[in-house]
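The values are calculated or read from the model by the stated rules, or taken from the named source; none is laboratory data. None of these values were measured; they are calculated from a predicted model. Cβ sites come from the backbone with ideal geometry, for glycine too, and all protein chains shown count toward neighbours. Please note that ligands, DNA and RNA were not included when accessible areas were found on the heavy atoms of the full protein model with its side chains. Shrake-Rupley method; radii C 1.70, N 1.55, O 1.52, S 1.80 Å.
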Amino acid sequence: MPNRVVLGAQWGDEGKGKVIDVLAGDADLVARFAGGANAGHTVKIDGRTIALHLLPVGVLSERAQSLLGNGVVIDPSALCAEIDEVRHRGFETKGRLWISASAHLVLPHHRLIEAHGESSAGCTKIGTTNRGIGPAYADKAARRGVRTGDLVSVERLRRAVQNSVGFWDGISNGLLAQNGLTVDGMVNELLGYRERIIPMLVDASRMIDDADRRGATILFEGAQGALLDIDFGTYPFVTSSTTTIGGVMSGLGVSPRVIDQVVGVVKAYTTRVGLGPFPTEQEGTVADRLQERGHEFGATTGRKRRCGWLDLPALKYAVRISGISHVAITKLDVLDELAEIPVCVAYDDGGKQSDDVPIDITRLDSVKPVYRSLPGWQTPTAGCTDYDDLPSNARSYLKYICESLGVEMLIVSTGPGREETICLDRAGAAV
Ligand code: IMP
């Protein structure tokens with residue numbers, strides 16, 4: 001089987017969890033390369049819904065080993081709570097879950113600093129997930145972060161925590177101390193996680209290289225989406241990691257030669273949580289219907305997702321940046337009742353039309369979408385597992401997306417369950 005990368009092609013919440021869960025059935029190793037406990041990967045197995053925020057979805061697979069790479073930021077309390085939760089649900093991680101010794105830790109003061117920034121007048125409010133992601137990556141880039149590997153030595157750990165806490169307390173006029181966050185307290189808390197975390201530490205790059213040399217199938221699990229990428233997203237309304245293809249290499253220490261296929265996950269319409277531009281956003285009844293039919297609430301924060309139509313220029317941008325070769329199109333069934341489905345084919349920027357994202361991506365907040373209307377199918381597709389059973393207008397909608405993006409269709413998801421899936425590489429369906 002090919003080594004695949006699965007990436008979100010919009011603003012996150014495309015349904016990556018479900019797609020990764022389906023593809024993990026063929027994988028020997030599932031490796032996550034970026035983000036932290038801000039992700040919300042929802043998987044429905046045998047009628048039970050499981051939402052993972054930090055662990056790779058591979059932990060729910062019977063055969064795969066799972067790996068968190070150096071590009072992931074790890075909140076030890078969230079990690080241990082999630083391990084306990086999946087174990088409670090019958091999925092054992094012992095001997096199956098591994099963590100890079102170079103991954104950075106998210107600590108309580110990162111969450112405090114983030115909450116402070118989000119509520120301070122004078123700071124741009126991003127609408128983050130409040131998981132401490134931004135400050136943890138800021139510490140990493142500023143070379144004052146605490147890494148999982150620091151847990152092996154008390155002295156090293158104390159020095160690393162001191163570096164970060166000292167810096168933030170200094171520039172915030174003692175905010176940490178005022179909130180009871182001290183170096184001693186934090187080191188003590190971290191020492192409590194050593195026994196659980198140290199046995200999982202590995203050299204992620206070597207683990208992947210060994211797996212590849214053995215001929216194992218590797219699945220690279222993305223988090224968030226292309227438009228939330230720290231460099232290519234709608235900055236500053238983005239997350240703090242590389243969510244596009246480059247993150248795989250830098251977040252795991254792998255060669256691009258290991259990758260055979262890049263799968264972009266595309267929701268059949270568009271959603272976004274948090275603040276920032278969203279050209280095809282709808283309001284009123286249309287937004288309410290999409291929100292209701294798609295159960296569009298954030299898996300991590302429970303926030304209502306903003307909803308709108310499919311945005312082809314934004315998707316083309318995601319395809320270009322990550323070299324997406326295949327797509328998994330999700331939530332097709334949410335559109336089942338519509339007579340007409342508008343799709344944004346270009347942006348009008350002050351009278352000039354383009355099917356590409358503006359050079360200055362911040363202009364996405366002022367461009368006007370140019371829509372083409374495609375006929376709906378007004379027939380239920382929920383639960384459909386055979387491409388040929390889809391109504392012809394639904395197939396035309398899917399084909400139109402793939403042809404516009406120049407990609408192949410790999411998966412169509414017609415419901416949250418594992419089995420509510422059309423896999424085009426297995427069914428041998430003619431597309
Ligand atoms: P942060 O990643 O918590 O710093 O949040 C930054 C932005 O990314 C906010 O707009 C969040 O709503 C968004 N975001 C982060 N993770 C996800 C996700 O998994 N799905 C959708 N949006 C996300």
Checklist line | Dipole magnitude (debye, nearest 20) for the stretch 266-427, charges at Cβ of Lys, Arg, Asp, Glu | finding: 400
Next item on the list: Mind checking the stretch 358-423 for chymotrypsin sites (Phe, Trp or Tyr not before Pro) that DSSP puts in a loop (not H, G, I, E or B) and that have at most 11 other Cβ atoms within 10 Å?
Entry: none
Checklist line | Heavy atoms of His53: accessible area, 1.4 Å probe, square angstrom to 10 | finding: 40
Notebook entry, point to check: Per residue, what accessible area does the stretch 104-195 have, given a 1.4 Å probe and all protein chains present, in Å²?
Noted result: 49
Notebook entry, point to check: When the chain is treated as a GNM, springs tying every alpha-carbon pair under 10 Å, which of Leu227, Leu398, Leu315 comes out with the largest mean-square fluctuation?
Noted result: Leu398
Item checked: the chain: angle of helix 108-119 to the longest principal axis, Cα-based, in degrees nearest 10 -> 50
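So what are the stretch 140-209's ellipsoid semi-axes, whole angstrom, largest first, if each one is the square root of 5 times an eigenvalue of the alpha-carbon gyration tensor?
Its equivalent ellipsoid spans semi-axes of 26, 15, 9 Å.
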Next item on the list: Please provide three numbers in whole Å: the alpha-carbon extents of the chain along the principal axes, with the largest listed first.
Entry: 65, 52, 37
Next item on the list: Evaluate the charge dipole of the stretch 104-195 about its Cα centre and quote only its size in Debye, nearest 20, assuming +1 on the Cβ of each Lys and Arg and -1 on the Cβ of each Asp and Glu.
Entry: 260
Next item on the list: Mind checking which of Cys384, Ser322, Tyr269 is farthest towards the positive end of the stretch 266-427's charge dipole, using Cβ charges of +1 (Lys, Arg) and -1 (Asp, Glu) about the Cα centre?
Entry: Ser322
Next item on the list: Give the span of the stretch 266-427's Cα atoms along each principal axis, as three whole-Å numbers ordered largest to smallest.
Entry: 44, 33, 31
Checklist line | Angle between the chain longest axis and helix 392-405 axis [Cα atoms, degrees, rounded to 10] | finding: 60
Check: Longest segment of the chain with no GluC sites (Glu not before Pro) in a DSSP loop having at most 15 other Cβ atoms within 10 Å?
Finding: 93-282
Check: Which whole-number percentage describes the relative contact order of the chain, with Cα contacts under 8 Å and a sequence gap of 6 or more?
Finding: 20
Margin query: Placing unit charges on C-beta atoms (Lys and Arg positive, Asp and Glu negative, everything else neutral), compute the dipole magnitude of the chain about its Cα centre in debye, rounded to 20.
Written below: 840
